[in-house]
Amino acid sequence: MGEMMIDIPPEVEDNLGYYVYMYVDPRNSKPFYIGKGCNSRVLAHLSDQNESEKTSRIEEIKQSGHEPELYIVQHGITNEETALRVETSLIDCLGIEGLTNAVSGWGSEKYGLVSLSEHIDRTRAKSVKIQHSVIMLNLRRHFHYGMSVEDLYETTRGVWRAARHENKYAFGVYKGVVQGVFEIDHWQPAGTSEYRLRTREEVEFSNRWEFIGMKANEDIWNNYVGKSVANYINNPQWSHLYPKIDTD
């Protein structure tokens, strides 16, 4: 893209408005950072002294004799929320794993990339009061729609950093909706028992745990599965939670 710009003239800043920008590694032509801003925000990372994966990549590119390529993906956006949504869409489509962004985009959990099945699931799900002793487990990347109960159990039971023996049930939760409920018999070190869907290297970690249990009875299962527990979740990066029993 030519020599790096070090200044954006005022008339160009006015033209940009709110915008979404992209940093590209010239060595492989792949995006490595997505951001949004106004004025000269796109240039701010070039002089950022904070340690992060993003600044490390920029320094690595410079050390190789190159400069990161800067692109304006969308400009002239009239408000910040719209810019945030465009930023989130790009991060979702490119995949957070391939970027140096520290977190997913704004509102990704609520408005981000979603399959039709997932959108129907989340939109129709009614909130439920948790009235049992429960550990909620965030299924994330190991879950997919159409899983059998057996596969859902294996995905839910391990592996986790925490184990609470007093919790009677485990909720397998995906995007705020309960996908499965299992009655816990006991907890044991991760990798103690075999997994069909994951290799031993994926489950055998020190200081992590798995539980042995069974599908909850039909009354419990039907009361919670397909229901939203989003109001119990206050951290988008959560792994496991112990919600208070609702006695109302």
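Readers should treat all values here as calculations from the given coordinates under stated rules, not as data from a laboratory. Small disclaimer: the values here were computed from a predicted structure and weren't measured. Cβ coordinates were reconstructed from backbone atoms using ideal geometry, including for glycine residues, and neighbour counts include every protein chain displayed.
Along its three principal directions, the equivalent ellipsoid of segment 10-111 from the Cα gyration tensor extends over semi-axes of 22, 18, 11 Å, largest first.
A Förster radius of 35 Å combined with the Cβ-Cβ distance from A230 to E53 puts the calculated FRET efficiency at roughly 0.75. Each Lys and Arg Cβ is given +1 and each Asp and Glu Cβ -1; about its Cα centre, the chain then shows a dipole of about 860 debye. Peptides 74-85, 18-29 ranked from most to least packed by the mean count of surrounding Cβ atoms within 10 Å: 18-29, 74-85. Averaging Cα coordinates gives a centre for segment 155-221 and one for segment 32-98; these two points are 38 Å apart. When both bridge partners sit in segment 116-241, DSSP labels roughly 75% of those beta bridges antiparallel. For the chain, the antiparallel share of DSSP beta bridges with both residues in that region comes to about 80%. Two numbers describe the Cα atoms of the chain: Rg and Dmax, which are 22.4, 67 Å. Extents of segment 169-248, largest first, come to 41, 30, 21 Å (Cα atoms, principal axes, whole angstrom). In this calculation the C-beta distance from N39 to R141 is compared with R0 = 45 Å, giving a FRET efficiency of 0.75.
Converting phi to 3J(HN,Hα) with the Karplus coefficients 6.51, -1.76 and 1.60 and the offset θ = phi - 60°, segment 187-204 yields 9, 8, x, 4, x, 5, 10, 7, 10, 7, 9, 9, 6, 4, 5, 7, 10, 8 Hz in sequence order, with x at every glycine or proline. Taking label points 7 Å from Cα along the Cα-to-Cβ direction, E201 and L46 give a separation of 4.1 nm.
What is the antiparallel percent of DSSP beta bridges lying wholly in segment 10-111, to the nearest 5? The answer is about 95 percent antiparallel.
A 29 angstrom limit on the alpha carbon distance is what I want to check against. Which of K36/K244; K30/K227; K36/K227; K129/K215; K129/K175; K126/K215 exceed it? Pairs exceeding 29 Å: K36/K244; K30/K227; K36/K227. Peptide packing: for 226-233, 126-133, the average count of neighbouring Cβ atoms within 10 Å per residue gives the ranking 226-233, 126-133, highest mean first. Please work out the FRET efficiency for the pair E80 and E11, using the Cβ-Cβ distance as r and a Förster radius of 25 Å; give the result to the nearest 0.05. Computed FRET efficiency for E80 and E11 comes out at 0.70. Here the Gaussian network model covers the chain, with springs between Cα atoms less than 10 Å apart; of Y169, Y153, Y145, Y145 fluctuates the most. A straight chain from N217 to R27 at 0.36 nm per residue would run longer than the Cα-Cα distance by 62.8 nm.
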